[in-house]
1. Run the simple label-point estimate for residue 21 and residue 96 please: 7 Å along Cα→C-beta, distance reported in nm.
2. Measuring from label point to label point, each 7 Å out along Cα→Cβ, what is the residue 69 to residue 118 span in nm?
3. Run the Debye formula on the Cα coordinates of segment 2-131, all scatterers equal and no solvent, and tell me log10 I(q)/I(0) at q = 0.13, 0.14, 0.22 1/Å.
4. Residue 72's amide H: which non-local residues (gap 5+, or another chain) put their own amide H closer than 5 Å, with H modeled 1.01 Å from N in plane and none for Pro or chain starts?
5. Any idea what angle helix 110-123 forms with the longest principal axis of the chain, computed on alpha-carbon atoms, 0 to 90 degrees, nearest 10?
6. If one takes the longest principal axis of the Cα atoms in the chain, at what angle in degrees, from 0 to 90 and to the nearest 10, does the Cα axis of helix 78-97 lie?
7. Could you check the simple spin-label distance between residue 79 and residue 130, using points 7 Å along Cα→Cβ, in nm with one decimal?
8. Return the equivalent ellipsoid semi-axes of segment 46-106 as a descending list in whole Å, where each equals the square root of 5 times an eigenvalue of the C-alpha gyration tensor.
Amino acid sequence: MVVFTLLDDLLEISQSHSTKDYHNIEGTLVLAMMLLSKVFLQILHDLSQLATFCKLWLGVLTRMEKYMKAKIKGKRSEKLQHLVPELLKSTLFVMKARGVLIPRSALGGDSLWELMWLHVNNINPSLQCEVFPNLDYVNV
């Protein structure tokens with residue numbers, strides 16, 4: 001996915017170059033993360049049919065997690081700290097509503113379900129309870 005390359009390159013620029021050279025890099029990272037979420041949800045149905053969907057979904061989660069940890073001017077970005085969990089929450093609810101995200105999904109077996117929640121919990125530990133409030137067990 002071309003968006004992954006864009007996100008990776010922007011994050012690398014934000015971490016390895018002076019913010020003097022890139023005055024609004026934080027805003028650019030915010031827009032890039034919004035683009036990822038929007039594109040992913042727009043083509044979710046088609047993506048979910050692919051054999052590589054699990055890898056793609058984990059790629060989305062990995063980048064969200066990296067953006068949460070990104071530091072701008074030596075500290076974590078408040079904008080990204082707020083945005084990423086909200087985008088992830090929306091994404092999870094849309095995936096659930098469209099039948100893509102089902103507990104212990106057969107899409108990738110149990111390991112995808114557990115891997116997904118490991119990433120999600122690193123971003124926002126309360127999301128599993130919000131998205132699946134009636135689940136009787138903890139998977140991770």
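1. 4.3 nm
2. Output for this residue pair reads 1.3 nm.
3. Debye output, listed in q order: -0.53, -0.61, -1.35.
4. For residue 72, the qualifying residues are 77.
5. Helix 110-123 sits at roughly 40 degrees to that axis.
6. 20 degrees
7. The two pseudo-label positions are separated by 2.1 nm.
8. Working: eigenvalues 145, 34, 12 Å².
Computed over segment 46-106, the values are 27, 13, 8 Å.
All of the numbers you see were taken from the coordinates with simple rules; none came from a lab. Bear in mind the structure is a predicted one, so any value in this text is a computation, not a measurement. Note that we place each Cβ from the backbone using ideal geometry, even for glycine, and neighbour counts take in every protein chain shown.
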